[in-house]
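These notes concern the structure reproduced below.
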Amino acid sequence: MKTLLADALTIAGKDLRNEWKSKQTIGMMIIFSSLVILIFSFAFDPTNNTVKAIIPGLIWVITIFAGLLGLNRSFIAENENDSLTGLKVAPIDPSSIFLGKVLTNLVLVTTVQIISIPMLFLLFDYRFHGQIIWFLLIVLIATIGFIVIGTFLAALAANAKNSEMLLPVLLLPLLSPLMIAAVQATRIVLEQEGIADAISWLQLMVGYDLLFFAACFFLFEFLMEGS
Amino acid sequence: MKTLLADALTIAGKDLRNEWKSKQTIGMMIIFSSLVILIFSFAFDPTNNTVKAIIPGLIWVITIFAGLLGLNRSFIAENENDSLTGLKVAPIDPSSIFLGKVLTNLVLVTTVQIISIPMLFLLFDYRFHGQIIWFLLIVLIATIGFIVIGTFLAALAANAKNSEMLLPVLLLPLLSPLMIAAVQATRIVLEQEGIADAISWLQLMVGYDLLFFAACFFLFEFLMEGS
Amino acid sequence: MLELKNITKVIGDKLILRNFSLTLARGESVAVIGPNGAGKSTFFKLAVGLMQPTSGEIHLNQAQIKKKSLLLQKKIGYLGHESFLYNALTPRENLVFYGKLYKVKNIEEKVANLLKEVGLHYFKDIPIRSFSRGMMQRLAIARVLLADPEYLFLDEPHTGLDQEAVSLLNRLIEERQREGIGILLISHDFEQVVSVCERVLVLNKGRIIEERQIDSEEGLMPFKNWYEAVVSGK
Amino acid sequence: MLELKNITKVIGDKLILRNFSLTLARGESVAVIGPNGAGKSTFFKLAVGLMQPTSGEIHLNQAQIKKKSLLLQKKIGYLGHESFLYNALTPRENLVFYGKLYKVKNIEEKVANLLKEVGLHYFKDIPIRSFSRGMMQRLAIARVLLADPEYLFLDEPHTGLDQEAVSLLNRLIEERQREGIGILLISHDFEQVVSVCERVLVLNKGRIIEERQIDSEEGLMPFKNWYEAVVSGK
Amino acid sequence: MKQPSMLMDRVMYALLVPAMFISLYLIFIWSPIEKQMGASQKIFYFHVGTAWVAFLAFFVVGYYCVLTLKKPTESRFINAGISAEIGVIFTTITLISGMIWGKSAWNTWWTWEPRLVTVLILLFIYIAYLFIRKMDGAWERIAKLSAVFGIIGCINVPIVFMAIRWWNTKLHPVVFGEGKNQSGGGVEPEMLLTLLFSLGTITLLYVFLMRKGIEIEKMRLTVKKAKSKVIEKLAS
Ligand code: HEM
Ligand SMILES: Nc1ncnc2c1ncn2[C@@H]1O[C@H](COP(=O)(O)OP(=O)(O)OP(=O)(O)O)[C@@H](O)[C@H]1O
Ligand SMILES: Nc1ncnc2c1ncn2[C@@H]1O[C@H](COP(=O)(O)OP(=O)(O)OP(=O)(O)O)[C@@H](O)[C@H]1O
Ligand SMILES: [Mg+2]
Ligand SMILES: [Mg+2]
């Protein structure tokens, strides 16, 4: 168990240090999320007042689409020189690869959110009403669920030749309950004072996170096994 | 000139026949576009009446996101066994590769639109008011522009390791004038009777198409040249 | 007659080929050997038009070739490190596709003959995705021969092939040579070099440092020793 | 002592290995040769745990190994067709990363020594993206040696290497063998097989069809003739 | 081995054809016409039947996925795939019949009502599963990957349903309950009987299609194996 965590940290450390050197993935994710905001502002006319009602939705649309880019990368990058096989033959538990990648992706997507969500508020001139701590909690919990299932499916999709197309097709349907919960909870917490109305959504998300984390953690082994 | 067209048709024929056999790319594009609609419906509360105002925008958001998947594929698929080099050393004009790929992508994206736009109308229970012929014309012209510049940039991005991330980052900014024109023209033609108000947008799009087609057609050679 | 005159190639700020000259007559077979990174593959890419030389000229049958020339490309068959084939297509479809691009007459008939020649006749309607490395290489060779090129540029064609495939390849090369095709071969496998080629160039650090005829009776060991002497000491 | 007993492997509906048995003692070096698609690489993948055998057992020092075993993986060093290295990292970082995963003690010191040994000392802080094929292969070899494996599985390690790199590799293999490491080598290059190995297995269509000692004085040609007779006629 | 299964098919076929005619008779002639919706309510019997089979097929997929993970065998792999394919067809029929009905009952093709959206998502999960099966590679590998996805997908279905229900009841707390009682499935005994009979028929149809699909798939595999064997012989 301890070595499992240590190995996961080693793998995440390698990926993050790499990313820190090049800043390619994170940079493109941030630019992409800004571009999505841009596209939306053309498509939906931001001066229109009703558009502010869609801010909670936009937060998650941006997170998911920018996140997809990063998730795709995380296992495709391991195809170069077939280094994933290198990890498979190393004396480590396959689950530590999963943990390591979840960690990396979590850091990447959270960083993107830290930049793109304030930008969204700014560009659409949105005034924040709710309590920031609850907002952050909801964003974090939903993001964790997204990353867990996303990383798992990215590993699955990476086996296909056209994995960059396959990933969204696999991920988006499975993500829908989380999406609904996240958008609703975000809306409630942005518009109202308390968290009371969002509690059941929060519970749903926590349940989703735990359930899928457990399932993915144990099934990941099968993804790494050769035939 | 005649052989240029013939070669383009040979290349497009090869791609389309391939696609016809597997139906993978087109299938995933269609599913992806439906999933985007689904995600949007969760994000933006479809029972809300104001959402109908964003239908014109949604048409283009869907086209662009689903199109990006196909565009990405069109040159990445040629990396397998390095077959793009096979085309480069063949006695054909490089522009015919461009034309062939534009043709393929146009067929793919138009097919996706034929399915996803009616579905969009259906799912959001949108009642069509304008004249269908003008609507189709606008969609076609904007799609051509999108495909021309998209194919060109896909060829450029394919040189990078992380091309699937690079393409949207390159494409979306260049696409913004076309996007604005397309959304505005679509909105006008969907809501009003005539085409009169949309004429100037239409002119802009036609100009954009011609300009970028000429530019991409002549510059494509440089993309295919080795260093 | 294909002539490369004083070709120099700089990529980035690295001088990869300097003052490279070579004449290849039809019916001749020449090997290019040298250590890793000597510039052998780069020279091929220049010759087939995948790169432009920084300076120098290429002449085909006394006429100078400028930039990307369809004429030159049609006359040269290039077998690279990769096969250039489409995995989703069958051998027949692959060859027909390239045949159309090369404006080959009588494509169907020619493809059928070629597939027989390389021993893939029975597999002609199976997508090549499932082919083994050896079968793939055979098809790649068929692709190169399809357009009846006047010059063949083969970049390490023997890698990964087993003994049977190697001898098939050598037989094909020799046949074409007798038909008057000029052949250039890059290889690290000196056994094949000695058995296939008549002349050899040694390339090191972008320069031709030695050139000589090969005596096929001479045997492998003396050739190896000669090569080592040339590359290291001189 | 590593024993594979009656290994059979079916992929899809294709019988790739049948009843394959092999015993590898420490300090022994064995070559596995055979035509393309004989199942050589598949056998390696089974042994290193990348695939599970359909039937049969693997024993390490008399203890049976079940499914994915960290113990087995730590004792085996596997050099595949690919290098398993990260292009964005430097040689040092690559080795340190793998060293951590293999729980190597004294990583930094060991890495420094290994890099010297394979001749990459001066390049230790340059991302390997720009390395030539030969340099990459050297680093891949260093990666395999890093964890002090008891058995080395090398799948065509000589492909694409020039003469100098080949002799470096052979020297390293021999050194480790003297230190008591068991070595398995797949190669199509019989020259290397003869110069490195003591025993040879011939694999054809998933079956071991012949096994014998190699007499290093015997020379290349007799060995080749023997191989051809074994594979074709028999 | 072959004989009993042929016999079984015959028996099923002999049962299925009359059952279909009987249910058609029950639906269109015997059962009364619903007062509020009129003849368009007839679609109800197909609609509910196919919806039931869509879910059934999905759980059959899930079941075979778990088995496949335990020990991959070719027949488990094939069963899961055929069930998924039939599931896609029935889900599509549910959607289309529901839409047609919706047009006449609610005067809209589509509304974002929980059951509808759940079915739509179910369809997407099925399709995603089929895409994984289409990947190229050895079947053991594909079997494992698709089984893993099938399991995750199965876990997801109840959560999807729950989430969507909450989502919508927040907005229209009445829609769901209202729809349920309105058509009054339980009120008229003839209707109930007709419904039960057509449910049985459609389930039988599913089982029959499964058997046929599996048989055809296995034949296809046999032919493929024989073909590759012949080619290999000829070539060597
Ligand atoms: C989960 C799958 C589904 C099941 C189990 C199901 C079941 C039922 C049942 C039992 C009824 C009759 C009782 C009632 O009126 O509430 C019904 C009615 C109806 N269903 Fe479905 N259905 C499903 C999916 C769909 C879909 C996907 C659509 C539309 C695209 C749809 C459209 C309708 C319509 C329009 C009615 C009539 C409602 C009314 O009478 O006002 N259903 N469904
Ligand atoms: N596109 C490029 N950009 C920068 N350097 C390059 C490029 N292509 C080749 N080189 C460099 O040019 C040199 C010659 O490369 P080339 O591929 O021609 O070698 P080679 O003789 O074919 O070697 P090998 O025997 O390994 O195939 C190498 O040092 C390589 O690093
Ligand atoms: N994942 C797989 N799925 C299906 N068939 C496979 C798979 N891996 C290998 N094979 C088949 O198994 C056979 C043996 O392959 P293997 O790679 O072991 O050959 P090899 O002896 O290493 O050949 P080479 O000398 O070309 O490297 C081949 O016929 C190949 O097509
Ligand atoms: Mg080379
Ligand atoms: Mg091999």
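Throughout, read-outs are computed from the coordinates displayed, never taken from laboratory work. All values derive from a computational prediction rather than experimental measurement. Quick reminder, even Gly has a Cβ in these numbers, built from the backbone with ideal geometry, and neighbours come from all protein chains shown.
Here are the numbers for this structure:
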| item | result |
| --- | --- |
| Inter-copy label distances at C:Asp125 (7 Å, Cα→Cβ; nm, one decimal) | 6.4 |
| Filtered chymotrypsin sites (Phe, Trp or Tyr not before Pro), region A:156-227: DSSP coil and at most 11 other beta carbons within 10 Å | none |
| Residue-averaged beta-carbon neighbours from other chains (10 angstrom radius) around E:118-125 | 4 |
| Extreme residue, positive dipole direction of region C:89-234, given options C:Pro222, C:Leu139, C:Ser167 (C-beta unit charges) | C:Leu139 |
| Kirkwood hydrodynamic radius of the protein assembly as shown, from inverse mean 1/r over distinct Cα pairs, in Å | 32.9 |
| Across the identical copies, how the B:Ala6 labels are spaced - nm, sorted shortest first, 7 Å along Cα→Cβ | 6.9 |
| Overall dimensions of region D:38-103 by Cα: Rg and Dmax, Å | 14.2, 41 |
| Binned Cα-Cα distance frequencies in region A:2-226 - 5 Å width, integer % | 1, 7, 14, 18, 19, 16, 12, 7, 4, 2, 1, 0 |
| Other protein chain Cβ atoms within 10 Å, averaged over every residue that makes up E:145-152 | 5 |
| Over chain A, relative contact order from alpha-carbon pairs under 8 Å, at least 6 apart, % | 27 |
| Cβ nearest the rotation axis (D onto C), residue from chain D and distance to the nearest whole Å | D:Thr159, 3 |
| Listed residues D:Ile208, D:Ile65, D:Ile33, most fluctuating in chain D (Gaussian network, C-alpha, under 10 Å) | D:Ile65 |
| Rg over Rh, two decimals, region B:48-167 (C-alpha only, Kirkwood Rh) | 1.07 |
| Amide proton proximity set for A:Ala160, modelled H, under 5 Å, gap of 5+ | none |
| Cα-based equivalent ellipsoid of chain E: semi-axis lengths in Å, sorted from largest, via gyration tensor | 38, 24, 13 |
| Under Karplus coefficients 6.51, -1.76 and 1.60, residue-wise ³J(HN,Hα) of region D:156-166 in Hz, glycine/proline x | 6, x, 8, 4, x, 7, 7, 4, 5, 5, 4 |
| Region A:209-227-region D:190-209 distance, computed between alpha-carbon centres (Å) | 40 |
| Distance histogram in 10 Å bins (all Cα pairs of region C:2-232, percent per bin) | 7, 32, 35, 21, 5, 0 |
| Global size of region C:71-203 as Cα Rg and Dmax, reported in angstrom | 14.3, 42 |
| Straight-distance crosslink candidates among lysines, where the alpha carbon sits under 24 Å from A:Lys2 and sequence neighbours closer than 8 are dropped | A:Lys14, A:Lys88, A:Lys101, D:Lys66, D:Lys67, D:Lys68, D:Lys74, D:Lys75, D:Lys100, D:Lys103, D:Lys105 |
| Gyration tensor over alpha-carbon atoms, region D:76-118, equivalent ellipsoid semi-axes in Å | 16, 13, 11 |
| Chain B: angle of helix B:132-157 to the longest principal axis, Cα-based, in degrees nearest 10 | 40 |
| Where trypsin sites (Lys or Arg not before Pro) fall in DSSP loop in region C:42-148, at most 13 other Cβ within 10 Å | C:Lys66, C:Lys67, C:Lys105 |
| Label spacing, shortest first and in nm, from D:Leu70 to its equivalents in the remaining copies (7 angstrom along Cα→Cβ) | 6.4 |
| Average beta-carbon neighbours from other chains, 10 Å sphere, peptide D:5-14 | 4 |
